[in-house]
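**Student:** Got a structure here, written out as structure tokens. Questions coming.
Please treat every number below as a calculation from the coordinates, not as lab data. Quick caveat, the model's predicted, so the values are computed rather than measured. Cβ sites come from the backbone with ideal geometry, for glycine too, and all protein chains shown count toward neighbours.
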Amino acid sequence: MSGAAQGRFLTGSTMGHVVRMTATGAFGITFVFLMDAMNLFWLSQLGEPQLVAAIGFAYAIQFFSVSSGIGLMIAGTAIVSKTIGQGDRDFARSQAGGAVLVAAVVQLCVGALIFVFRHDLIAMSGATGETARLATRYLGMTVFSLVPMAIAMTCSGVMRADGYGAKAMYVTLFSGAILGVLDPILIFWMELGLDGAAYGLILFRIFLMIFGVYFAVIQLKLVDKPSKVALRKMLWPFALIAVPTIATQMATPFGNYLLTIVMAQFGDDAVGAWAVVSRLTVLVFGGIFSLSGAIGGIFGQNFGAGQMDRVKATYRDALIFCLIYTLVAWALLASAGDAVAYAFGLTGQGAEVLRAFTTLGVGGFIFIGALFVSNAAFNNLGAPVRSTLMNWINHGILSWPLAMVMAGALGAPGVIYGQSLAGVLAGTFAAIWTWRFVQRLEPEQALDPETARKYPPIGAHPDRYRTR
């Protein structure tokens, strides 16, 4: 059997795979986030702070549905990459088709719920008056575009599971380029303002789906229509990963939502700066976000093949990559903070919030990045519940009280400091816990569910897996 048939990540340097997959992912996702930041930039040039604040409030709500889509993509990547590592490509294609179908249906239901309760959700986030009206309008216009986005994300995850990092990059790169052209036309030339930004986002997500389907389904033929038998066979292992993984991903928007409420007490200027920080975070740290998705396929293939030494090497190399990336990003942001504040028209309190992020808040990503790597490891190595626990410790237990205390003492910038301190504590715990976990992995833990029934569920004490 050829190397490609067996899996692209089963041989060669693990660091090489980590860098290659992360670089292609980072380039594509960073470009998209750059276009997203430009969307906010064009709105800020209209001179109406309420527009920027409205995007910030709507983003805090929509983040929930985006995160559920990411959880579904991670689950699809995990089961497909493991099956590829076991050498069953036909079933992997059927699994991929099932994952796309499930992702679309789930996101349709999530979008419908958000649409129905959008007024209440925006009010709960702290928005009032005209800002609340604008945020509700933007959210209602864009929330159902998460369905084509879910299809695109799952197709992209399937390509990464099989090592096609460049193809997955093209999906976001081409779509982002189209968004970059559409935004100034819709917002300025057609004078649509906030509605123009919404239309641009909708079209962007539709193009994401078009390119994702073209590369994954038509060109590479990695996705096949699942039969009823194949769908039934893949649903249970998919759900075992998807449910805790979605719960894991939900922790981030939940924490962001709570922090938005804390920030809202300081006014629209602070919330506007918070929106800029959110866009700047995903733009600058696109490599870290991409890293957690890129290494899923590397973990999954080697885990499915029982190559635990390569699993351990992948985890180690990902942490090293994360450290180097964050140090470089920190140096760049620390020197560019004032220029960014000027570009987005942030002054006074808003500028202070941004400065808190670029000088100290960014450093927390050394540890937050370790948390992302740990999430990818647990999600693809059969212990997704551990990822859920770690993320909720960070976003559900630590970040909100720390942000409240530090905001009370330091004002709006305290929200940034509290969020970063929570990341330091949770990331340190996650790195140690995951390192111990991967060091104790054994090949028996990668068996198919039918064969593995004689073993305890993955995630129990490692010593209980030993068969000798």
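**Student:** Multiply the residue gap between Arg133 and Ala409 by 0.36 nm, knock off their C-alpha separation, and tell me the result in nm, one decimal place. Walk me through the intermediate numbers first.
**Tutor:** Details: separation 276, 0.36 × 276 = 99.36 nm, distance 3.16 nm.
Net length gain for the segment: 96.2 nm.
**Student:** Still on this structure: Which whole-number percent is the relative contact order of the chain (Cα, under 8 Å, 6+ apart)?
**Tutor:** Numbers: 809 pairs, mean separation 105.6, N = 468.
Reported as a whole number, the value is 23 percent.
**Student:** Compute the long axis of helix 349-359 from its Cα atoms, compare it with the longest principal axis of the Cα atoms of the chain, and write down the angle in degrees, 0 to 90, nearest 10.
**Tutor:** So the helix axis and the longest Cα principal axis differ by about 30 degrees.
**Student:** When the helix-only estimate is applied to the chain (DSSP H runs of n ≥ 4, each -39,500 (n - 2.57), divided by the residue count), what is the mean residue ellipticity at 222 nm, nearest 500 deg cm²/dmol? Before the final figure, lay out the partial values.
**Tutor:** Numbers: 18 runs with 362 residues, N = 468.
Rounded to the nearest 500, it is -26500 deg cm²/dmol.
**Student:** Using a basic spin-label model with each label point 7 Å from the Cα along Cα→Cβ, how many nm lie between Val105 and Asp88?
**Tutor:** Result for the modelled spin labels: 2.1 nm.
**Student:** Listing Ile185, Ile261 from the residue with the fewest other Cβ atoms within 10 Å to the one with the most, what is the order?
**Tutor:** With the fewest neighbours first, Ile185, Ile261 line up as Ile185, Ile261.
**Student:** Could I ask something else about it? What's the angle, to the nearest 10 degrees (0 to 90), between helix 308-343's Cα axis and the longest principal axis of the chain?
**Tutor:** Tilt relative to the chain: about 10 degrees.
**Student:** Per 0.36 nm of contour for each residue apart, how much would the distance between Lys225 and Glu191 grow if the chain were fully extended, relative to their Cα-Cα spacing?
**Tutor:** 7.9 nm
**Student:** At a 10 Å Cβ-Cβ cut-off, how would you order Lys228, Lys233, fewest neighbours first?
**Tutor:** Lys228, Lys233
**Student:** Could you calculate the contour length gain from Leu327 to Gln45, that is, 0.36 nm times the residue separation minus the distance between their Cα atoms, to one decimal place in nm?
**Tutor:** 98.4 nm
**Student:** Return Met390, Met404 ranked ascending by Cβ neighbour count within 10 Å, so the fewest neighbours appear first.
**Tutor:** Met404, Met390
**Student:** Mind ranking 120-129, 279-288 by how tightly packed they are, going by the mean number of other C-beta atoms within 10 angstrom, highest first?
**Tutor:** Top of the packing list down: 279-288, 120-129.
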